1. How many Cβ atoms of partner chains, on average, are near each residue of B:150-160 if near means within 10 Å of its Cβ?
2. Pull up all non-local amide H partners of residue A:437: gap of 5 or more, or a different chain, and H-to-H distance under 5 Å with H placed in the peptide plane.
3. Under the rule of at least 5 residues apart or a separate chain, name every residue whose amide H is placed under 5 Å from the amide H of residue A:350.
4. According to the square roots a ≥ b ≥ c of the eigenvalues of the Cα gyration tensor, what is the shape class of segment A:164-227, taking rounded for a/c under 1.5, prolate for a/b larger than b/c otherwise, and oblate for the remainder?
5. Mean shadow of chain B, computed from the convex hull of its alpha carbons, in nm²?
6. For residue A:251, which sequence-distant residues (separation of 5 or more, or a different chain) have an amide H within less than 5 Å of its own amide H, given hydrogens modelled in the peptide plane?
7. Helix check for chain B. Which DSSP H runs span at least 20 Å along their own axis by Cα, with a mean Kyte-Doolittle hydropathy no less than -0.5?
8. Rounded to whole Hz and in sequence order, give me ³J(HN,Hα) for segment A:150-161 from the Karplus expression 6.51 cos²θ - 1.76 cosθ + 1.60, θ = phi - 60°, writing x for Gly and Pro.
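Bear in mind that the values in this text are calculations on the coordinates, not laboratory data. Since we're looking at a predicted model, the values are computed, not measured. Cβ placement follows ideal geometry from the backbone for every residue including glycine, while neighbour counts extend to all protein chains displayed.
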Amino acid sequence: MRGYWPNIVPRPNNITRPGTVSGPNTSSRVYNQKKKSNPIQSKSVETVSAGGGEMARSLPAAVVSLPDEDDLLREILLRLPPQPSSLPRASAVCKRWRAVATDPKFLECFRSRHREPPLLGYYEWTDEGIIFSSVLDPPDRIHPQRFGLGDNSRNGMLGCRHGRVLVREFPRNKIWVLDPVTGELCGLDAPREFNPVAFFVKGAVLCAAADRSHVHGSCHSSPFKVVLVCIYGYWDPSRPIAFVYSSETGVWHNLPLAKAPSEQYHFANSGVVVGNVLYWSSMSTIGHMLSCSTPPAVLDTALVKIVEIDLDGQSLAVTKGPPSMKGSSSHQVIKAEDGDIGVAMLSYPNMEIWQRKVNCHGHATWLWHKTVDMDTILAPPPQITGARTSKEILDYDEDNGVFFLCVDTYVYMVQLEAMQSRKLSEKLSYVQVFHPFKSFYTPGWSGRQSSATASPKSVSVHQDTAAAAAPCTALASTAAAADSSRSSTAAAAAASDSTGAAESGPSRGWWMRWTCWWMPPSTTSPTDN
Amino acid sequence: MAAAPSGSRTRMVTLISKGGRNFKMPEAVALVSSRSCREALDYIEYRGNNTMMIKLLDIDPKPVSMLVNFCNHMAAAATSAASDDAAQRMREWEERFLGDDVDQALLYDLLSAAISIQADGLIDLVCKRVAHMIKGKTPQEIRTILGIQDDLTPDQRDEIRTDNSWIDI
């Protein structure tokens, strides 16, 4: 995207009317100089193979250098890959590069150009609670401690999306929304309907930025919504309930149920957002028990249902899904090619894909799309050790159509359309908590700690009433500091307020990193100190 | 693309490099790649010979000739149907275009020439090439490749290290 800066300006007055010819000029640069030994060139510099061809090794410094225009430098840096190390390394080259690479407006253009934040890693349940693991190799590998959840690592993780993590603190019926990049934390009292007796609670957090040009992946200051659903409620087991919280209003809204299901259901896997509707696939309680039996019982009724939360229309519905797959208890709503939804069901080694078609009258039908033999995709192929070996869909990334499967304790990332897979790791626990985490990890989000550590505040919110409940204020003082630091005059103060070194060593205690919007010391004068 | 009026010669665009060497291409070809030419047509008048002259007097002949080569290729590609094969062929051509014989000096002069006539496609290609040269490289390696002097103060280096202490810079 070149929308932000003025177009690169050509030299003036170089287009002439017909007939004008300039005088001759005798000097001319000689190209293709023989490769010279460069005494300052590090041995670690490899010959760059650029798209198949090879560039000549660099000439000695000060003979040839990049044209000195910031616009040009921005165009080059925009084309760096969105990996975590790209811009930090560029910012460490020299002052001019630092000024460009850390300019918030450049970063906005960078995210807009790339659109899709990289997958940094995933959260999974281990013996030490929920921990983050990186899927990237060095230098892009982010240390697990950087994205640790602190005290919340022992709570129930409901999901993560748009760079935020949603956690449910079970006995106290509290919801925590964390931003691992900035360290921001927001505590909410969940509606009383989700009291500790209510099992089968699913939730989702999503960015609620209204700006159409907003690109997810750095939604740190954007408003968010939290959705909580319980399809097997304590108060009424046959009536699913759903609430949506908005950080802008600070209020939970109870979503009316359009049509109650006839059976009791429970969920599988993570919600998927398509359009502005959140979807979960669910299975009847009896059906789930039957399908988990060994050997799996034959199911001859349509047992998969779709739970839909319409965030625009503010409604909850449970609709019919495709026929369940024989022997399968692992299913996942997916985004279909035509923009509607589908359902993937896994009965290893086969995965069935069904797609929903809605006609002009709003009537939906489910059509079988394809069956894929996962043995032809998973590489290296898993060693199935028995019928009780874990084979399930852990999660699904609707933006990229990527599945995360667990087969025989190993986690695979699968791009079904491209028929490609990648083995990620060995899954350390049978507890089904696995949430991929994507984010643009752009320069400036530091590991600095504030000298003042406040305990996280939780906010009691009322439901549906004209509450005096304020928007999430768990980090009120940080928010105020963040606002003030957005002005460039406060930038120097913010930068100098840092207390230096990041934490060292593992920390199981609570941490909270104060964050201000990182502003470079100056973007107007690259040479200043 | 502007069609030549019936009965007149094809309009040409002439780029004049350092040394007074002329490189010509049909106006229709230039219009595909050069934003300057497209904008100039709004106000330029042709009298006598049907030629638009563009002076690039401080750019050597070789990069100007490559620029004309690029414009010719883009104009030809624009007339053919888009397909996966066509995209693959374009990528292969781009690799050959900026191949082994293009050193940094030539690359930057080519970039200057592209900027002069606002050939956005070539600017994009060269910027991609430079980005490819530096991606995955450490700051010192980038400085070496591009001939950049390290002028960061020790405080700034410390701040960068602190800001990015969680990944390996």
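1. The shielding value for this peptide is 5.
2. Residues meeting the amide H criterion: A:120, A:121, A:122, A:123.
3. Here the answer is A:374, since their amide H atoms fall under 5 Å of that of residue A:350.
4. Since a/c reaches 1.5 and a/b is larger than b/c, the shape of segment A:164-227 is classed as prolate.
5. Reported value for the Cα convex hull: 14.2 nm².
6. Here A:246 satisfy the definition.
7. B:61-79, B:120-134
8. x, 4, 6, 5, 9, 8, x, 8, 9, x, 8, 7
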